[in-house]
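Any read-out appearing in this document is the output of simple, stated calculations on the displayed coordinates, not a laboratory observation. Everything numeric in this text was worked out from a predicted model, so none of it was measured. Cβ coordinates were reconstructed from backbone atoms using ideal geometry, including for glycine residues, and neighbour counts include every protein chain displayed.
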Amino acid sequence: MTATQSKNRGIYQVAAALLVSIVGINLFFITGVTANEVSQSEYREALLDQLDYDDRLIRPSDATDAENQFYDMCLTNGTYNRITARGRDVVAHADNLGKLHDNDFEIIVFRARDCRREVYDDRDQ
């Protein structure tokens, strides 16, 4: 083996290792899911089970099944990506929204208000 062939082999090995590393990092960021990440369905179920924790989270009064479904979807989809990963973990596993950081809880409360308002606005039309 000549020196040029040996040098080329080393360059190819380094390039292959870099390519594997870059692909792995990109896949990690694209999926956005780690081993401990709370799934959206797990978050949804846990949050909806805890709506009675605070009056500001209650569903719209006299809501139909469709309005309740809309409210649930609006609330969970509108907060899942906006609160911190730690906040999602607390919602899913602590069974006590009082353990949430104030900023995460405020995001949920404000989203609940907006979702209720949307339900009431749709009724008025």
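Numerical summary
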quantity: Net charge of neighbours whose Cβ lies under 14 Å from the Cβ of D55, counting Lys and Arg as +1 and Asp and Glu as -1; calculated: +2
quantity: Computed over the stretch 40-125, Cα set: Rg, Dmax in Å; calculated: 12.4, 40
